[in-house]
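Novice: Input: one structure, supplied below.
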Amino acid sequence: MHPIPVRKMAFEIPAAEDFDPKWLVNNIVLSYAVTGISLYVAYLEPFLVKSLRRVLDQVTDETLRENVDRFCRQEAQHYMQHERFNEAILQRGYPGLRERFDRLKADFDGYLATRGDKWCVGFVEGFEAYTTQSALKSLNSGVFDHPRTDRQFGQLFKWHMTEEIEHRNVAFDIYQHLYGDYPFRAKMCWIAQTHIWRFILDCMKIMSPVDTARFDDSYRVTAVHRALAVCAVAPMFVKTYSPWYDPHHYAVPETIAQISTELTAAAESVS
Ligand SMILES: [Fe+2]
Ligand SMILES: [Fe+2]
C-alpha cells in the first residue's frame, strides 16, 4: 500500500435538523472553529489541487510527481465529502453565512486568476504547514471519538486529519523542489494562516448570536473567547516560520498509523 492512499469513504451525512452547532466535545468555541474549517476547505481544497496541478509538469522528480498526484486526489476527496456535510450547516440558517462563504470562493478564484504559480504553491505550503500540526494535535487528543462529539462529523474529521498527516510532506517538498525560497515561504505561511483564521473568526461572529438566541447562552462566543482561540493556535503558526521547519522531522505516533490502517479497511475503495 502506498503511504498516501486515496480512499473513497461512504459517510452518513447529517440532516440539517440533526446538526448541533456544539458538536465537538460539547465545546462551542472548538465546535465553531472546526465547523469553520469544514466550510473553509470546501473552497480551499479545490484551490490546492488546481495550484499544484498547474505546476506538475515542472516537477522533474518521479516520486514527487506521484506524491503530488496522490495529494491532489486525497484533497479532492476531502472537499467533496465536506461539501455534503456543509449543506447541513448552511441549511440551519445563519444570516450572512452564505455571503461570507461566497466571498471566500471569490478570494480563491481571484488568487488563481491573478497570482503566479510561486504565490499559489507558497499558499498551499503555508496552509499545509499549519494543518499538519493541528491534525497531529487533534488526533492525539482523541476529540473525534469523544462520547460528546457528533459521530458523523467526528468520523469525517478523523479521516480528513489522518490523510493530512499522510500527505504532510508533499506541499513542502514541491515548494522546495521548485522554489526553495525561505523568506517567501515564511511570508506565505503568514498569509495562508491568517486567511483561514479570519474566516473562522467571522464564522464565530455570524453563528454564535443566532445559536445563542435559538438555543441558550452556552452558545455565546465573546471577543475574549475568540482572542484565546487565536492564542491557542498562534504557536503552531510561529513554528512554521522557522528556517529549520521541515515536516519530515515529525514522528507520527503508532496510534495514528493504526487509524490509517482502520480507515483503509473501512473505505469503499482504495487506490
Ligand atoms: Fe485536506
Ligand atoms: Fe492537505
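What follows draws every value from the coordinates through simple rules; no lab data is involved. These figures come from a predicted structure and were not determined experimentally. Please note: Cβ atoms are built from the backbone with ideal geometry, for glycine as well, and neighbour counts cover all protein chains shown.
Novice: Hey, what angle do you get for helix 28-53 against the long axis of the chain, alpha-carbon based, 0 to 90 degrees rounded to 10?
Specialist: 30
Novice: If you keep only loop residues by DSSP, which GluC sites (Glu not before Pro) in segment 1-104 have at most 15 other Cβ atoms within 10 Å of their Cβ?
Specialist: Qualifying residues, ordered by number: Glu12.
Novice: Oh, and also: Between 0 and 90 degrees, rounded to the nearest ten: what's the tilt of helix 151-166 against the longest Cα principal axis of the chain?
Specialist: Its long axis makes an angle of about 20 degrees.
Novice: Go through segment 20-111 and name the trypsin sites (Lys or Arg not before Pro) that are in a DSSP coil and have 15 or fewer other Cβ atoms within 10 Å of their Cβ.
Specialist: Arg54
Novice: Out of segment 200-271, which GluC sites (Glu not before Pro) are coil in DSSP terms and have no more than 10 other C-beta atoms within 10 Å?
Specialist: Passing sites in segment 200-271 are Glu268.
Novice: What's the exposure ranking of Ile4, Ile13, Ile89, going from fewest to most Cβ atoms within 10 Å?
Specialist: By the 10 Å Cβ count, ascending: Ile13, Ile4, Ile89.
Novice: Okay, next question. Calculate how steeply helix 182-214 sits against the longest principal axis of the alpha-carbon atoms of the chain, using the helix alpha-carbon long axis, and give the answer as 0 to 90 degrees to the nearest 10.
Specialist: Rounded to the nearest ten degrees, it is 20.
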